[in-house]
Amino acid sequence: MMLALDDAQLKQFDEEGWLFFEDVFDADEVALLNREAHRIFAMDRQEVFREKDGTTARTAFAAQNYNDVYHRLGRHPRLVNPVKQLLGGDVYMHQFKINAKAAFNGDVWQWHQDFGTWHRDDEMPEPRAMNIALFLEDVTEFNGALMFIPRSHKAGVIEAGHDLKTTSYPLWTIDDETITRLVDEGGIIAPKGKAGSVIMFNSNLVHGSPSNMSPFDRTIVYLSLCHVDNHIRRFKRAEWIAHRDFTPIECLPDDCLKDESAVAAE
Ligand code: SIN
Ligand code: MN
């Protein structure tokens, strides 16, 4: 369980650009979210992006708008409150995605910064936005763990090229020379841990993940939260990729994923 971030955690986030917590969500909560994620991946809707093979789910956007369990996760105090603390005020949901990184077929996410995309495509003014992500399966050295270059967020927005070819999903990616230099300075880390773990990272932290050739899925759900004053100015991308509802998120109670009466009322 995660309460308010303490001084040591605030310092690590500022200096290294990321924080990792185990045992934030319990096995029942994870099982419910996982069941719903796989139901969503099987849906035929535009928000569910496929890998290049055309069938394997890659990422499902905006599930908080069409699935009751994810609607509640998008307002979960264990995810929203630490981000409000770090960003210093009310936040809205800029993007919400469940990344599948499916067994055998889950493809690479090239090296990138999220704020680079939010700034270039959506005209988000400042990096007063960040991700908080929840592991719905154990993340190991085998199933395409997310990799970070610690301290790379200190470099600000790095030049990037719009890669429309490598995977099915267009991304502003960083060249090999720059990555080499950043890794010389900061190294690479890949936080691994049990389902129910949570990771938070600065929106300028350079990150990516290799493909998943293991027989183990690696589902992770990402809330990209933005300070309400820092909302996007340009509506180029689809509403379900870059949201336009800047209403401050109001958290639900801590047990909102356990309230069976709410599930029954769906
Ligand atoms: C991302 O950077 O948006 C996704 C990376 C991953 O899920 O591996
Ligand atoms: Mn990213």
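Listing for the model above:
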{"quantity": "Carbon/sulfur fraction of accessible area - the stretch 110-266, other protein chains in place, 1.4 Å, %", "calculated": "53 percent"}
{"quantity": "Solvent-accessible area per residue for the chain (1.4 angstrom probe, square angstrom)", "calculated": "43 Å²"}
{"quantity": "About the Cα centre, charge dipole magnitude for the stretch 1-53 (Lys/Arg +1, Asp/Glu -1 at Cβ), debye", "calculated": "440 debye"}
{"quantity": "Peptides 32-41, 47-56 ordered by average Cβ neighbours within 10 Å, highest first", "calculated": "32-41, 47-56"}
{"quantity": "Extension gain, F104 back to H38 (0.36 nm per residue minus Cα-Cα distance, nm)", "calculated": "22.2 nm"}
{"quantity": "FRET efficiency for E250 and R50, using Cβ-Cβ distance with R0 set to 41 Å, rounded to 0.05", "calculated": "0.75"}
{"quantity": "Size of electric dipole in the stretch 116-240: Cβ of Lys, Arg +1 and of Asp, Glu -1, about Cα centre, debye, nearest 20", "calculated": "240 debye"}
{"quantity": "Dimensionless Rg ratio for the chain, taking C-alpha atoms and the 2.2 N^0.38 Å reference", "calculated": "0.94"}
{"quantity": "Charge dipole of the chain about the Cα centre (unit charges at C-beta), most positive-ward option of T180, S203, S168", "calculated": "S168"}
{"quantity": "Dipole in debye (nearest 20) - the chain, about Cα centre, beta carbon charges: Lys, Arg +1; Asp, Glu -1", "calculated": "620 debye"}
{"quantity": "Residue-wise HN-Hα coupling along the stretch 94-100, computed from phi with Karplus coefficients 6.51, -1.76, 1.60 (Hz; x: Gly, Pro)", "calculated": "7, 8, 9, 9, 10, 8, 7"}
{"quantity": "Long-range HN-HN contacts of R50 with modeled amide H, under 5 Å", "calculated": "R58"}
{"quantity": "The stretch 171-223: C-alpha pair distances exceeding 18 Å, %", "calculated": "47 percent"}
{"quantity": "Euclidean distance between Cα centres, the stretch 70-130 to the stretch 166-242, Å", "calculated": "8 Å"}
{"quantity": "Rule-of-thumb Rg ratio for the stretch 90-145 [Cα; 2.2 N^0.38 Å; N residues]", "calculated": "1.37"}
{"quantity": "Pair A4, A238: separation of 7 Å Cα→Cβ label points (nm)", "calculated": "4.1 nm"}
{"quantity": "Highest average packing first - 14-25, 234-245, Cβ atoms within 10 Å", "calculated": "14-25, 234-245"}
{"quantity": "Long-range tail of P(r) for the stretch 1-117 (Cα pairs > 21 Å, %)", "calculated": "50 percent"}
{"quantity": "Packing rank of 153-160, 123-130, where each peptide gets the mean count of other beta carbons within 10 Å, highest leading", "calculated": "123-130, 153-160"}
{"quantity": "Cα Rg over Rh - the stretch 131-266, Kirkwood", "calculated": "1.00"}
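The values are calculated or read from the model by the stated rules, or taken from the named source; none is laboratory data. If you're wondering where the values come from, they're calculated on a predicted model, not measured in any experiment. FYI the Cβ positions are ideal-geometry reconstructions off the backbone, even for glycines, and counts take in every protein chain you see. Just so you know, the surface numbers come from the protein's heavy atoms only, side chains and all, with ligands and any DNA or RNA stripped out. Shrake-Rupley method; radii C 1.70, N 1.55, O 1.52, S 1.80 Å.
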